[in-house]
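Asks: Let me give you the structure first, and then I'll get to my questions.
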Amino acid sequence: MEPITIKRKESKLRVAPEWADVCFTCGTCASGCPITGVDGMDPRKAIRMAALGLDDELIESRFPWICTMCGRCEYACPQGVEILKTIRRARALRNRDKVPGPIHKGVVMDLEKGNNLGIPKDDFLFLLADLGRELDEDEGFPGFYVPVDKKGANVLVTINSKEPFGEPDDMKFWWKIFYCAKEDWTVPSFNWEGVNWGLFSGDDEAMKTFVGRIVEHLERLECKTLLLPE
């Protein structure tokens, strides 16, 4: 009688071929995960699904998208399993038209308009000027203005699009610090978005595009320091 051989099903989710074999299935990762139990899932189960080749089941589940990527699971793992890379790879393997709506739309909008919410350039510049006038005239910061595309400034400031869209006064906190510290800073007039939803969604090409835009601003304006809003 010939021995029975169980064929191992390869997984697209393995970021390194050896780590799945060293997972103890101890559950230490799950104990610190803030979403353990949601939809009956936890990091340990996600890793076992990847190890067993249950790619589609994990990729099509909600778990990779409700995961906060906080890293508690990976920090706690006694074997050093690369859990976060696995979750992000599951996001990357999801068909783009099945990526949760706001995230995918934000990526597309940023690629087309230069920010995740599609705020027009003229509206953005008008808002910056208006907020600058408020600080200058009403809030005790005489001579304040928002420097846009200032070549040679020390700090390049990128912006989370939710601030000009819904919470514009939040930008003033940084600006007041800059004013009091006499910091030399500037804001790009276009492609100013500082939140890289390509990174969050697993869209590596979009992520590279967004990072490239910031690098181009740094080189174009000859800035030495980058401030990201996240």
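Asks: With a bin width of 5 angstrom, please list the P(r) values of the chain as percents of all Cα-Cα pairs, from the 0 bin to the one holding the largest distance.
Replies: Pair shares across the bins are 1, 6, 12, 14, 13, 11, 10, 10, 8, 6, 4, 2, 1, 1, 0, 0, 0, 0, 0.
Asks: Here is a further query. Looking only at Cβ-Cβ distances, which cysteines of the chain have no other cysteine closer than 4.7 Å?
Replies: Cysteines of the chain left without a disulfide-compatible partner: Cys23, Cys26, Cys33, Cys67, Cys70, Cys77, Cys180, Cys223.
Asks: Please list the non-local residues whose amide H lies under 5 Å from the amide H of Thr158, H modeled 1.01 Å from N, same-chain partners needing a gap of 5 or more.
Replies: Here the answer is Leu227, since their amide H atoms fall under 5 Å of that of Thr158.
Asks: I've got another one for you. Longer than 27 Å from Cα to Cα, which of Lys105/Lys182; Lys121/Lys224; Lys121/Lys150; Lys45/Lys208 are they? Say none if no pair is.
Replies: Lys105/Lys182; Lys45/Lys208
Asks: Just to confirm a number: summing +1 for Lys and Arg and -1 for Asp and Glu over residues other than Asp203 whose beta-carbon lies under 9 angstrom from that of Asp203, what do you get?
Replies: 0
Asks: Mind listing which trypsin sites (Lys or Arg not before Pro) in the stretch 144-204 are in a DSSP loop and have 12 or fewer other Cβ atoms within 10 Å?
Replies: Details: sites: Lys150, Lys151, Lys162, Lys172, Lys176, Lys182; in loops: Lys150, Lys151, Lys182.
The qualifying sites are Lys151, Lys182.
Asks: Further question: Determine the dipole magnitude for the chain: charges of +1 sit on the beta-carbon of Lys and Arg, -1 on that of Asp and Glu, nothing else is charged, the reference point is the Cα centre, and the result goes in debye to the nearest 20.
Replies: Around 1040 debye, computed over the chain.
Asks: Still on this structure, I have one more. Filter the GluC sites (Glu not before Pro) in the stretch 131-229 to those in DSSP coil with at most 16 other Cβ atoms within 10 Å of their Cβ, and list the result.
Replies: Of the GluC sites (Glu not before Pro), the ones in loops of the stretch 131-229 whose Cβ has at most 16 other Cβ atoms within 10 Å are Glu139, Glu183, Glu222.
Asks: Nearest 10 degrees, 0 to 90: what angle lies between the long axis of helix 171-181 and the longest principal axis of the chain (Cα atoms)?
Replies: The angle comes out near 60 degrees.
Asks: Just rank Asp204, Asp110, Asp184, Asp97, fewest to most, by other beta-carbon atoms within 10 angstrom.
Replies: So the residues, fewest neighbours to most, are Asp97, Asp204, Asp184, Asp110.
Asks: How big is the charge dipole of the stretch 101-227 about its Cα centre, in debye rounded to the nearest 20, if each Lys and Arg gets +1 on its Cβ and each Asp and Glu gets -1 on its Cβ?
Replies: Charge dipole, the stretch 101-227, about its Cα centre: 340 debye, nearest 20.
Asks: So for Ile83, Ile66, fewest C-beta neighbours within 10 Å to most, what's the order? Working shown, then result.
Replies: Values: Ile83 27, Ile66 13.
The fewest-first ordering by Cβ neighbours comes to Ile66, Ile83.
Asks: What distance in nm lies between label points placed 7 Å from Cα along the C-beta direction at Val38 and Tyr145?
Replies: Placing both labels 7 Å along Cα→Cβ, they lie 4.6 nm apart.
Asks: Right, another one. With point charges of +1 on the Cβ of Lys and Arg and -1 on the Cβ of Asp and Glu, referenced to the Cα centre of the chain, which listed residue (Ala76, Leu135, Ser189) lies farthest in the positive direction of the dipole?
Replies: Farthest towards the positive pole: Ala76.
Asks: At a Förster radius of 41 Å, what calculated FRET efficiency corresponds to the Cβ-Cβ distance of Val215 and Asp169, to the nearest 0.05? Spell out each step's value before the answer.
Replies: Details: r = 30 Å, r/R0 = 0.72.
Rounded to the nearest 0.05, the efficiency is 0.90.
Asks: I'd like the orientation of helix 121-137 relative to the chain: the angle between its Cα long axis and the longest Cα principal axis, in ° from 0 to 90, rounded to 10.
Replies: The helix 121-137 is inclined about 60 degrees to the chain.
Computed from the coordinates by the stated procedures, all read-outs in this text should not be read as laboratory data. If you're wondering where the values come from, they're calculated on a predicted model, not measured in any experiment. Neighbour counts run over all protein chains shown; Cβ positions are idealised from the backbone, glycine included.
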